[in-house]
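Some notes on the structure that comes next.
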Amino acid sequence: MTTTTEEDQYLRRTLALLDSARPYESLTQSDSRQWQVQPGSALAGDDAKTDPYQVSHNAWNALGVAVDHLHCFRSTFADDPRDNSMSITLHTHGQYSLLRGAFENSARAVWMLGPNQRLVRVQRRLCMQAGENKNSDRMNALLHQQPRRPLDVRMQQLTDLVIKAGTDPTDAKRVLKPATYSEIVREAGALTLMGSAEAEVVWSSCSSLAHGDIYGTLSILERNIVDTQGRLVLAQITSSPKVLFWATDRTVAMMQRGFGLFKERITCHR
């Protein structure tokens, strides 16, 4: 596609954002030890309450998955510089799929680490594990395999942990109900400058393109009418540099918030 001066600026700003996030690759893709929890820190206490389903392990995993998606997006977006020039490639749908993965995993870390109350952080970690247990049980059924421990045994373990952490026994079932990603991104967004509504818009926009939904394709991407035949319209669909920059900007912001919270929670402040 041929870009205007304004579109070119959005592409440059997108590349700058992606470059600013590259240091996270070395944190998650090497033995950086940045995941280690300091004794006496908030996460040390959280992990003790949720063992063997540590809050820190799940949050760090979410951040690692987010970084991997963003790294993959950058690989599809820009080639390595050659002779003071760089080739940029825009995909209509695939790049938003990658941004969605980066955004929702960053949001999961923010959602889990953000609350100031330990009990809430513990409850969120254990409700995520409840979802993992149920999903793995469905997968085992599809594969005609038996889990090493029955689902009811694993769920009872989570119930025991969440009650021992301080949850009222009558609330345990409700607390362990797996959260949806729309809930996660909204509550994570409330812990960032973008707010809950915009966070959901970012995630929903990327999700609609990842799914190939027509409403997302027509409302988010750019259209050029090539031909009309009666009520039929032939249109060329292209990616919008402005929208892509917006989605990238909010994704990097959510990722930065996630890493910031992780560093805060693993540090002993006594």
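The values are calculated or read from the model by the stated rules, or taken from the named source; none is laboratory data. Predicted, not measured: the structure shown is a model, and the values here were computed from it. Cβ coordinates were reconstructed from backbone atoms using ideal geometry, including for glycine residues, and neighbour counts include every protein chain displayed.
Overview of results
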| item | result |
| --- | --- |
| The range 65-102, residues that are of a type in the set (Val, Ile, Thr) and crowded, with 20+ Cβ neighbours inside 10 Å | 67 |
| Of residues in the range 132-163 being more than 21 Å from residue 58 (Cβ to Cβ) and among the hydrophobic types (A, V, I, L, M, F, W, C), the one modelled with the lowest pLDDT | 141 |
| Subset of the range 200-238 [charged (D, E, K, R) and surrounded by 10 or more Cβ atoms within 10 Å (Cβ to Cβ)] | 200, 213, 222, 223 |
| Qualifying position, being in contact with a Phe, Trp or Tyr (Cβ under 8 Å, 6 or more places away or on another chain), of a type outside the set (Phe, Trp, Tyr) and closer than 29 Å to residue 264 by Cα, among 162, 122, 185 | 185 |
| Residue match in the range 243-251 (condition: part of a loop (DSSP other than H, G, I, E, B) and either among the hydrophobic types (A, V, I, L, M, F, W, C) or over 13 Å from residue 13 (Cβ atoms) (or both)) | no |
| Filtered residues of the range 174-207 (kept if basic (Lys, Arg), in a helix (DSSP H, G or I) and touching a residue at least 12 places away in the same chain (Cβ under 8 Å)) | 186 |
| Unmet requirement for residue 221, which otherwise passes all of (1) in contact with a strand residue (DSSP E or B) (Cβ under 9 Å, 6 or more places away or on another chain); (2) without any contact (Cβ under 8 Å) to a residue 40 or more places away in the chain | (2) |
| Of residues in the range 239-269 being within 18 Å of residue 72 (Cβ to Cβ) and of a type in the set (Gly, Ala, Ser), the one surrounded by the most Cβ atoms within 10 Å (Cβ to Cβ) | 258 |
| Options 129, 145: the member that is over 12 Å from the mean Cα position of the chain (by Cα) and in contact (Cβ under 8 Å) with a residue 60 or more places away in the chain | 129 |
| Helices (runs of 4 or more DSSP H) wholly inside the range 53-151 containing at least 3 residues that are hydroxyl-bearing (Ser, Thr, Tyr) | 55-77, 94-113 |
| Of all residues making up the range 72-96, the number that are under 18 Å from residue 241 (Cβ atoms) and either in contact (Cβ under 8 Å) with a residue 12 or more places away in the chain or among the basic types (Lys, Arg) (or both) | 15 |
| Residue count, the range 25-70 (criterion: within 28 Å of residue 97 (Cβ to Cβ), of a type in the set (Phe, Trp, Tyr) and at pLDDT 95 or above) | 1 |
| Contacts under 7 angstrom Cβ, first residue in the range 5-34 being surrounded by fewer than 14 Cβ atoms within 10 Å (Cβ to Cβ), partner not in a helix (DSSP H, G or I), 6 or more apart | 26/32 |
